[in-house]
Amino acid sequence: MKTIYNEVPADALTGSMRDFRVPAGNDLERRVGNFFKWQNLRRQNGVWPFSRATDFGPRTEVSAADDRGIAMQGVNFASQDYLSMSSNPVIKATALEAIERYGVHSAGSPALVGNTTASVALERKIAEFLGMEDALLYPTGWGAGFGVIKGLVRSSDHIVMDTLSHTCLQEGANAATRNIYQFRHLDMAHCRRWLEKIRATDTENGIMVVTEGLFSMDSDTPDLAAMQELCNEFNATLMVDVAHDLGALGEDGRGHIGIQNMIGKVDIVMGSFSKTFASNGGFVAVKDRAIKEYLRFYSAPATFSNAMSPVNAAIVLKAFEIIDSPEGKVLRNELMTNVLELRRQLTAAGLEYYGDPSAIVAVKMGTEGLARLVSRRLPELGLLCNLVEYPAVGKGAARFRMQVMAKHSAQNVSDAVARIKAARLEAEIELATMGEQAPRMRAVA
Ligand SMILES: Cc1ncc(COP(=O)(O)O)c(C=O)c1O
C-alpha cells in the first residue's frame, strides 16, 4: 500500500521554545545553538510553520514561502488585516500622497522633530475617537505597551495584571518593578484580592492594573466598567490594551471600550495599528495632557526611538476616517459576517474554537504533537493560519489562530474549514500510528 506520511521524529513533535529560554553555559553565542538544532529538526520535518514570507503582502489568497524556500499557495487566515485596509485603494493612494508630501522617513524622535502634521493630526484624532484628552504615538504597538508601563511605574510601585496579558505588557512590567501580581485570566475576584493585599500595607505607592480589550489568543474580554470601578476603589490606574478590537469591533468601531459604554472612562488606553490600521505603530491615550508630555520624555520607546514614519501616520489617519464612516461600518459588517460563518462551519465540521465572535477565531487542537502535524499538512492543502503553542498558550492547548479579514470571500471561508478539517483528520490518523513508547512515528501504509 502507498505510504501517505513521512516519518517525523518524536523530538520534533515534543519540547517547546520554553526549553531554550534560559540556556546554560558561559558563552553567550554558543549556548543558543541547541535551540537552532531543535528548530532545524522541526524545520527539516515540515513542522516549523513560522517565519513565512508572502510574495504580494497580506492578501486573502497568498503565495508564500517558508524559511526553507518551499512555496505554497492558498487562502490566508494568518495575516492581521482585519478590515482589509492594507489593500484598500484609498489607503494606498493616501500612502502615495504622503510619500510625495513628506518623503518616506520621520528622521527623528517625536521628542525632537520626528512629528509631522500627519502625526500631530493623528494624535488628535485618536484622542477624539476614544473620548480622551490627548494621545501620543509610538513607533510600534509593542513599544507603546512596554513604554507606557515602564514610563509610569517605578520600582516601588505595583502592577496587577491579567495573566494572559501580551508580552509587551509583561516585559514592560518586568522592566519597571519586581512587584508584579498576576491574576487569573478575567478573574475580577482574584484581581481584587491582590489590590486588597497591596493596599493593606502600602498606601504610598502607585498601582497599575493591566488588561486587554480583547485577548489575542482566547478572543475574550473583561468587564471594563467593573475593572475601572475596582481601580478607583483602590486608587489604582487601569491600563487597557485595545490592539485587537479597536476599529474592528463594535457598531462604531470603538471596540470593547465602545461596546461597554466606556468611552472616555478608562484611565489609560493603549493600542497598535498593526491589526486593523494597515500600519506599524502604536499609541497611548490619556485623560490629561500632563501624562502625555511626561511619557514623551520619560518613556524610552517614545523618547529615544525614531517616530513612526509620516507615511504610516497618514495611513492610520485615513484608516480612522474610514473606520468612522459608513464604509467602516460596512467593512465591520463584512468582517463579522465572515467571522460568524467561519465559526458556524467549524462547528459543523466538528471543530471547536475559543472565545467570543471577533476577527480572532482560535481553533482548538490540543497537544503540540497533533497541532504540529496539522501545521505540516496545511500549506500542502492550501491554507495559511498560525500555529500557537506553549508557552504562548498553555501546555496541551495548542491552537490555530485564524484571523479573519473583511474581504475574505464565502469561498475562502469554506475552503479554510475544509482544509483545516482534512489536515486535522490526517494528523489524527498519523498520531494514532505512534505507540506511546515509540521514539519515532511509523509511516502509515
Ligand atoms: C495585545 C497586543 N498588544 C500589543 C501588540 C504589539 O503590537 P505591534 O505589532 O504594533 O508591535 C500586539 C501584537 O502582537 C498584541 O497582540
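Selection of first residues in the range 408-419 that are within 16 Å of E352 (Cα to Cα) and of second residues that are part of a helix (DSSP H, G or I) and among the charged types (D, E, K, R), restricted to Cβ pairs under 8 Å at least 6 apart or on distinct chains, gives the following pairs, ordered by first then second residue: V413/E341.
Scanning the range 258-273 for residues that are surrounded by fewer than 24 Cβ atoms within 10 Å (Cβ to Cβ) and in contact with a strand residue (DSSP E or B) (Cβ under 8 Å, 6 or more places away or on another chain), we see that the one that is farthest from V311 (Cα to Cα) is D267. Considering only residues that are in a loop (DSSP other than H, G, I, E, B) and surrounded by 15 or more Cβ atoms within 10 Å (Cβ to Cβ), which ones fall in the range 402-432? V404, M405, A406, K407, H408, listed by residue number. Contact annotation: residue pairs with Cβ atoms under 7 Å, 6 or more positions apart or on different chains, pairing a residue in the range 272-300 that is within 13 Å of T237 (Cβ to Cβ) with a partner that is away from the ligand (no atom under 16 Å from the Cβ) and assigned to a loop (DSSP other than H, G, I, E, B), are V286/M132; V286/E133; K287/M132; K287/E133; K287/D267; D288/E133.
Would you check if there is a residue in the range 321-332 being touching a Leu at 6+ places or on another chain (Cβ under 9 Å) and under 18 Å from A118 (Cβ atoms)? Yes: the range 321-332 contains one or more residues that are touching a Leu at 6+ places or on another chain (Cβ under 9 Å) and under 18 Å from A118 (Cβ atoms).
Restricting attention to the range 134-170, and to residues there that are out of contact with any helix residue (DSSP H, G or I) (no Cβ under 6 Å at 6 or more places or on another chain) and more than 16 Å from the ligand (Cβ to nearest atom), which single residue is nearest to K275 (Cα to Cα)? Here the answer is L152.
A quick yes/no check of all residues on (1) outside the structural domain of A248 (by TED's automatic domain parsing); (2) under 30 Å from N261 (Cα atoms):
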| site | (1), (2) |
| --- | --- |
| Q73 | yes, no |
| F77 | yes, no |
| V104 | no, no |
| G114 | no, no |
| R124 | no, yes |
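Matching residues to (1) surrounded by fewer than 17 Cβ atoms within 10 Å (Cβ to Cβ); (2) in contact (Cβ under 8 Å) with a residue 40 or more places away in the chain; (3) of a type in the set (S, T, N, Q):
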| site | (1), (2), (3) |
| --- | --- |
| A64 | no, yes, no |
| N76 | no, yes, yes |
| N88 | no, yes, yes |
| E100 | yes, no, no |
| H105 | yes, yes, no |
| G108 | yes, yes, no |
| T117 | yes, no, yes |
| E133 | yes, yes, no |
| G143 | no, yes, no |
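Looking across N280, N232, one residue alone is in the same structural domain as E123 (by TED's automatic domain parsing), of a type outside the set (V, I, T) and away from the ligand (no atom under 11 Å from the Cβ). It is N232. Figure legend. Inter-residue proximity from the range 18-31: first residues in contact (Cβ under 8 Å) with a residue 12 or more places away in the chain and surrounded by 10 or more Cβ atoms within 10 Å (Cβ to Cβ), second residues in a loop (DSSP other than H, G, I, E, B) and of a type outside the set (D, E, K, R), beta-carbon distance below 8 Å, spacing 6+ or different chains. Indicated pairs: R18/Y390; R18/P391. Restrict the check to the range 108-117 and report whether at least one residue is farther than 26 Å from D218 by Cα and touching a Pro at 6+ places or on another chain (Cβ under 8 Å). Yes, the conditions are met somewhere in the range 108-117. Counting only strands (runs of 3 or more DSSP E) wholly contained in the range 213-295, the ones carrying 3 or more residues that are in contact with a Ser or Thr (Cβ under 9 Å, 6 or more places away or on another chain) occupy 237-241, 282-286.
Considering the range 251-277 alone, what residues qualify as being within 16 Å of the ligand (Cβ to nearest atom) and farther than 21 Å from L335 by Cα? Correct list: V266, I268, V269, M270.
The residues on offer are L246, L224, and the sole one that is over 15 Å from the mean Cα position of the chain (by Cα), assigned by TED's automatic domain parsing to the domain that holds A135 and within 20 Å of L169 (Cα to Cα) is L224.
All of N306, N312 fail the test of being modelled with pLDDT of 95 or more, assigned to a loop (DSSP other than H, G, I, E, B), within 15 Å of the ligand (Cβ to nearest atom) and within 28 Å of G103 (Cβ to Cβ), apart from N306.
The values are calculated or read from the model by the stated rules, or taken from the named source; none is laboratory data. Fair warning: this is a prediction, and the values are worked out from it, not measured in the lab. All Cβ positions, glycine included, derive from the backbone under ideal geometry; neighbour counts span all protein chains shown.
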